[in-house]
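In what follows, a structure is listed as structure tokens, so that the remarks can point back to it.
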Amino acid sequence: MASGPMALVDFLDKYVNMCEKKRVPVLSTVKKTLEQAIDSGELPDMLKLCGTIPELKFRRIDDDTLESIIQPMAGMSLVRQLDLSYNEIGNKGAHILAKILKDDQSIEVLILRSNSITADGAVAISKALTYNEHITYLDFSDNVIGDEGGMAIASMLQVNNNITHLSLSNCGLAATALIGFATVLQSNN
């Protein structure tokens, strides 16, 4: 796993190239965060890309934009917190994120609140988190993942008991998923 200032330079170069390749704009928030970290010689603690920041207010992060940010992170340990809330990330983006999360060793906090992720995306991320022992905080609130997505998360929690905070409000969970969570919580105690 690459980390440190040189990894940041490498990530910034790969990010800009990926944006050009996918024909998506380079987000100044990402660029500024990385440039400040490079100048200070310290890794950034958080990459805050929530759709409520001024730059993203009228152009939220979608699956293609997410891919240009996330794919260059492969094999690097860069940030501890990744906030992607209030964007337009769908199942394609969830699958892209899942590929990185499976092996990531730095992200501890993942906030996906209020995107367009459904059961398919929740299943992909849950499978990846089965192998990820570093995430302790997961927020999936306001994504309509339904019972199938809820059951996938419950199944993941049977294997991964490092997650100490889980938010699933307004996810369309019904009795089946809630029973699954109750069972997991009871067996993990």
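The values are calculated or read from the model by the stated rules, or taken from the named source; none is laboratory data. Nothing here was measured: the structure is a model prediction, and the numbers come from that model. Heads up, the Cβs are rebuilt from the backbone with ideal geometry, glycines too, and the neighbour counts pull from every protein chain shown. Just the protein is used for accessible areas: all its heavy atoms, side chains included, with ligands, DNA and RNA removed. Shrake-Rupley method; radii C 1.70, N 1.55, O 1.52, S 1.80 Å.
Observations on the structure shown:
- Take the chain with all the other protein chains still there, run a 1.4 Å probe, and you get 48 Å² of accessible area per residue.
- Ranking 29, 183, 164 by solvent-accessible area of protein heavy atoms (1.4 Å probe, all protein chains present), from largest to smallest, gives 164, 183, 29.
- For the peptides 173-179, 73-79, the ranking by packing is 73-79, 173-179, with the highest mean count of neighbouring Cβ atoms within 10 Å listed first.
- The packing ranking of peptides 122-129, 64-71, highest mean first, is 122-129, 64-71, where packing means the average number of other beta carbon atoms within 10 angstrom of each residue.
- Antiparallel bridges, percent of DSSP beta bridges restricted to the chain (to nearest 5): 0
- Computed from Cα positions, the angle between helix 28-40 and the longest principal axis of the chain comes to roughly 70 degrees.
- Cα centroid separation, the stretch 114-132 to the stretch 54-78 (Å): 17
- Spatially close lysines, pair count over the stretch 1-154: Cα under 13 Å, gap of eight or more or interchain: 6
- Each 5 Å bin, from zero up to the one with the longest distance, holds this percent of the alpha carbon pairs of the chain: 1, 8, 17, 21, 20, 15, 9, 5, 3, 1, 0.
- To the nearest ten degrees, helix 5-22 and the longest principal axis of the Cα atoms of the chain are 80 degrees apart.
- In the stretch 19-147, the portion of solvent-accessible area held by carbon and sulfur atoms comes to 47 percent [1.4 Å probe, whole percent, DNA, RNA and ligands not counted].
- Ratio Rg/Rh, restricted to the stretch 18-75 and using Cα atoms, in which Rh is the Kirkwood radius: 0.96
- Here the stretch 57-189 is assigned +1 on the Cβ of each Lys and Arg and -1 on the Cβ of each Asp and Glu. Its dipole about the Cα centre then comes out at about 120 debye.
- In degrees, nearest ten, helix 119-131 long axis to first principal axis of the chain (Cα): 80
- Surface/4 of the Cα convex hull for the stretch 99-189, nm²: 5.0
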